[in-house]
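Data block below; observations after.
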Amino acid sequence: METTDKKVDMILESYNKYDLTNRIDKDHIVSRDTLILLVKELRKLLFPGYFDNKRIKKDYVKFFIGEKLEYIEYTLKKQVERALNNDNQNDDNIKKAEEIVDKFIDRIPVIREYLYTDIQAAYNGDPAAYSTEEIIFCYPGVFAVSVYRIAHELWLLGVPMIPRIISEYAHNLTGIDIHPGATIGKYFFIDHGTGIVIGETTVIGNNVKIYQGVTLGGLSTRKGQQLKGVKRHPTIGDNVTIYSNTSILGGETVIGNNVVVGGNAFIIQSIPEGMKVNIRNPQLEYSVDKKYEKDFWDFSI
């Protein structure tokens, strides 16, 4: 039986051999756990009174905002600075992190504006919803989109790594994978949501509704890093509905305004505006054992 020292040496050898999977002798990288706590505090600011344990009184709401902002600014600056240092360590990153966080804080009212429209779209588009409160508390699509709205602003500000960590937090909880680089307009509604994928260069217009299992993806990633920065995901126009398990692929694929795409479609070419796209239903065939023949005819009638 091998001694503990021998086992330690084997693991140390693997550290040297597979150096991409460790960060020995390097400065601290961003903290995933801290970023998750930060997202939770941001959602309390975006939806005041929903996710706090204590009632927020109107007379003290200004204090509530100030308290949240103090934590968010301090924590986010530290994490952004670490992310910047990971890419290129220099003294200017402290000032750059402060500037980024200041710009992000200025965007919070805009994020709330977009989320307001998303919740309205969810309520108007789902007869199973009995209140907007139910939507904010319960709908995985609204949770995923709210986290995306946060991550997207940080992505636009050029923050490395952090937007992806934040997005993957929502992906892990909901099964909805929205890349923070995607551009998504107002009144966006994800119904049910499980298994949705929205790629980095996807552009989605206003008043778009998509169902579970939809993929807005690339045609091929065989070229790998050579495709970085290339438009590889589709563009979806305004007032589009995409039903479940449909795949729309390719950077040159444009779905026009007012298009309805039925379930299980596989689309790699553009669709003009106003069209309805459906997969022809397969024909059902029934065969029956003779001893069940009576039940079969009763069923078919």
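Enumerate the pairs (first residue in the stretch 220-231 and touching a residue at least 12 places away in the same chain (Cβ under 8 Å); second residue anywhere and polar (S, T, N, Q) and surrounded by 10 or more Cβ atoms within 10 Å (Cβ to Cβ)) with beta-carbon separation below 9 Å, excluding pairs fewer than 6 apart on the same chain, so at least 6 apart or on different chains.
V230/T201; K231/T201
Rundown of residues vs (1) among the hydrophobic types (A, V, I, L, M, F, W, C); (2) out of contact with any Gly (no Cβ under 6 Å at 6 or more places or on another chain); (3) without any contact (Cβ under 8 Å) to a residue 24 or more places away in the chain; (4) on the phi > 0 side of the Ramachandran plot, yes/no style:
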position: D5; (1), (2), (3), (4): no, yes, yes, no
position: V8; (1), (2), (3), (4): yes, yes, yes, no
position: D27; (1), (2), (3), (4): no, yes, no, no
position: E67; (1), (2), (3), (4): no, yes, yes, no
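Kindly list the number of the only condition in (1) touching a residue at least 60 places away in the same chain (Cβ under 8 Å); (2) surrounded by 17 or more Cβ atoms within 10 Å (Cβ to Cβ) that fails for S167.
In the conditions (1) touching a residue at least 60 places away in the same chain (Cβ under 8 Å); (2) surrounded by 17 or more Cβ atoms within 10 Å (Cβ to Cβ), S167 misses (1) alone.
Please go through (1) over 22 Å from I119 (Cβ atoms); (2) at pLDDT 95 or above; (3) of a type in the set (A, V, I, L, M, F, W, C) for V230 and return the number of the only condition it doesn't satisfy.
Of everything listed in (1) over 22 Å from I119 (Cβ atoms); (2) at pLDDT 95 or above; (3) of a type in the set (A, V, I, L, M, F, W, C), V230 misses just condition (2).
Of all residues in the stretch 80-113, how many are assigned to a loop (DSSP other than H, G, I, E, B) and either free of Cβ contacts under 8 Å to residues at least 40 places away in the same chain or among the aliphatic types (A, V, I, L, M) (or both)?
Filtering the stretch 80-113 down to residues assigned to a loop (DSSP other than H, G, I, E, B) leaves 88-91, 107.
Checking which are either free of Cβ contacts under 8 Å to residues at least 40 places away in the same chain or among the aliphatic types (A, V, I, L, M) (or both) leaves us with 88, 90-91.
Total meeting the criteria: 3.
Out of all the residues in the stretch 37-58, is one or more in a helix (DSSP H, G or I) and farther than 18 Å from I150 by Cα?
Just the residues of the stretch 37-58 that are in a helix (DSSP H, G or I), to begin with: 37-46, 58.
Okay, now just the ones that are also farther than 18 Å from I150 by Cα, so 58.
Within the stretch 37-58 (the criterion being in a helix (DSSP H, G or I) and farther than 18 Å from I150 by Cα), the answer is yes, since at least one residue qualifies.
Going by what's in this entry, would E99 be described as surrounded by fewer than 17 Cβ atoms within 10 Å (Cβ to Cβ) and within 27 Å of I184 (Cβ to Cβ)? Talk me through it step by step, then tell me what you get.
Details: surrounded by fewer than 17 Cβ atoms within 10 Å (Cβ to Cβ): yes; within 27 Å of I184 (Cβ to Cβ): yes.
The answer is yes for E99.
Does N206 fit the bill of being within 19 Å of I111 (Cα to Cα) and open to solvent by 30 Å² or more (accessible area, probe 1.4 Å)? Give the derivation first.
Values: within 19 Å of I111 (Cα to Cα): yes; open to solvent by 30 Å² or more (accessible area, probe 1.4 Å): yes.
In short, yes.
Can you give me the number of residues within the stretch 114-164 that are surrounded by fewer than 18 Cβ atoms within 10 Å (Cβ to Cβ), of a type in the set (G, A, S) and part of a helix (DSSP H, G or I)?
1
Quick one: which of L12, L69, L46 is over 15 Å from P160 (Cα atoms), open to solvent by 50 Å² or more (accessible area, probe 1.4 Å) and of a type in the set (A, V, I, L, M)?
Answer to the check: L12.
The values are calculated or read from the model by the stated rules, or taken from the named source; none is laboratory data. As the structure is a prediction and not an experimental result, all values here were calculated from the model. Note that each Cβ is placed from the backbone with ideal geometry, even for glycine, and that neighbours are counted across all protein chains shown. To get the accessible areas, we keep the full protein, side chains included, count just its heavy atoms, and leave off ligands, DNA and RNA. Shrake-Rupley method; radii C 1.70, N 1.55, O 1.52, S 1.80 Å.
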